[in-house]
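The next block holds one structure in the form of structure tokens; read it before the comments.
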Amino acid sequence: MPSIDVCFSPELLHLYELKGKAVVAVDILRATSTMTTAFAHGATQIFPVMQLEECLAFSDKGCLTAAERDGQKAEGFDLGNSPFSYMNGTVKGKDIAITTTNGTRAIRLSEDAEEIIVGSFLNLSTVVNHLKELQLDVIVVCAGWKGNFNLEDTLYAGALAERLEGEFTFANDATLAALYLYRSAKADMFTFLQQSSHVQRLLRLDITKDVAFCLEEDKYNVLPVWKEDRLIDLLAKSAEA
Ligand code: 3SL
């Protein structure tokens, strides 16, 4: 039986062996929720990069550029990191290069994995079904905040653990902790997260509706997966060809 483990911060990745395993990279608020939304609204490929300059250079290749630092849209880029700015038709048929404070870093630091899947509550069941088919050991890589633990990514890891229980073993206490936390929160995750650092940070920036949106479950049937140097939606028609 495959196992599921949880890495609470990219800074802890040196403790994990990724080779031959599936990573689910998660940054609920908001990078991986936004990437999920971008694919659901027709984005064709997403290039997650770590540096602002690297991201900006993608505009020469015809990509839209998106950047967030400390919760705010970085100057000079087409898009920020609010899922709502990806819903108005702007990204349909477009490639996007994106850099965010923590989310894109979690993805790029997971490149040793056999497969990297971008997870969010918005595509929770799609990810769960894919993991069941893959039958690889899973490591959920939480983006956290600048190396620190956060609640919202941990809740997502717990949601995965709950749905995979019985078909996957729990590698260690990290998985159990995430599961217990999720069970305490799942009836009302929005209220549970009100005092969390990043919700407070977003509220200070007057970003309010994004939090409730990013906690919606199973809104989209998209499966962003890392291929060579980019993310594609494995369920998109063009990805099947
Ligand atoms: O840290 C990140 O990668 C971002 O998702 C943070 S924010 O929600 O855009 O502030």
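The values are calculated or read from the model by the stated rules, or taken from the named source; none is laboratory data. Everything numeric in this text was worked out from a predicted model, so none of it was measured. Here the Cβ positions follow ideal geometry from the backbone for every residue, glycine too, while neighbour counts run over all protein chains shown. When the accessible area is computed, the model is the full protein with side chains, heavy atoms only, and any ligands, DNA or RNA have been set aside. Shrake-Rupley method; radii C 1.70, N 1.55, O 1.52, S 1.80 Å.
Rundown of residues vs (1) out of contact with any Ser or Thr (no Cβ under 7 Å at 6 or more places or on another chain); (2) hydroxyl-bearing (Ser, Thr, Tyr), yes/no style:
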site: 86; (1), (2): no, yes
site: 111; (1), (2): yes, no
site: 145; (1), (2): no, no
site: 160; (1), (2): yes, no
site: 187; (1), (2): yes, no
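Among all positions in the stretch 142-155, there is at least one residue which is under 18 Å from residue 31 (Cα atoms), touching an Asp or Glu at 6+ places or on another chain (Cβ under 9 Å) and assigned to a helix (DSSP H, G or I).
Within the stretch 36-53, which residues are out of contact with any strand residue (DSSP E or B) (no Cβ under 7 Å at 6 or more places or on another chain) and free of Cβ contacts under 8 Å to residues at least 60 places away in the same chain? 41, 42, 53 - these are the residues of the stretch 36-53 that are out of contact with any strand residue (DSSP E or B) (no Cβ under 7 Å at 6 or more places or on another chain) and free of Cβ contacts under 8 Å to residues at least 60 places away in the same chain. In this entry, residue 111 is excluded by the filter for residues that are in a strand (DSSP E or B), more than 19 Å from residue 235 (Cα to Cα) and not small (Gly, Ala, Ser). The one condition from (1) over 21 Å from residue 104 (Cβ atoms); (2) surrounded by 14 or more Cβ atoms within 10 Å (Cβ to Cβ); (3) acidic (Asp, Glu); (4) within 16 Å of the ligand (Cβ to nearest atom) that residue 137 does not meet is (4).
Filtering the stretch 208-228 to residues that are modelled with pLDDT of 95 or more and β-branched (Val, Ile, Thr) leaves 211, 222, 225. Here the stretch 201-227 is the region considered, the condition is being acidic (Asp, Glu) and within 13 Å of the ligand (Cβ to nearest atom), and the residue that is most open to solvent (accessible area, probe 1.4 Å) is 206. Given the criteria crowded, with 22+ Cβ neighbours inside 10 Å, within 23 Å of residue 44 (Cβ to Cβ) and either within 12 Å of the chain's Cα centre (by Cα) or without any contact (Cβ under 8 Å) to a residue 40 or more places away in the chain (or both), does residue 118 qualify? So residue 118 fits the description; yes. Of all residues in the stretch 164-200, those that are within 22 Å of residue 141 (Cα to Cα) and either within 16 Å of the ligand (Cβ to nearest atom) or surrounded by 19 or more Cβ atoms within 10 Å (Cβ to Cβ) (or both) total 16. Contact map, the stretch 24-35: first residue part of a helix (DSSP H, G or I) and open to solvent by less than 10 Å² (accessible area, probe 1.4 Å), second residue within 6 Å of the ligand (Cβ to nearest atom) and polar (S, T, N, Q), Cβ cut-off under 9 Å, separation 6 or more or different chains; pairs are 31/81; 31/100; 31/101; 31/102; 34/81; 34/100.
What do you reckon, is residue 91 crowded, with 20+ Cβ neighbours inside 10 Å, more than 15 Å from the chain's Cα centre (by Cα) and closer than 27 Å to residue 237 by Cβ? Yes; evaluated as a whole, the condition is true for this residue. If you go through the stretch 1-23 and keep only what is in a loop (DSSP other than H, G, I, E, B), open to solvent by 20 Å² or more (accessible area, probe 1.4 Å) and hydrophobic (A, V, I, L, M, F, W, C), you end up with 1, 8. When the stretch 53-86 is filtered for residues that are open to solvent by 50 Å² or more (accessible area, probe 1.4 Å), within 16 Å of the ligand (Cβ to nearest atom) and among the hydrophobic types (A, V, I, L, M, F, W, C), only 84 remains.
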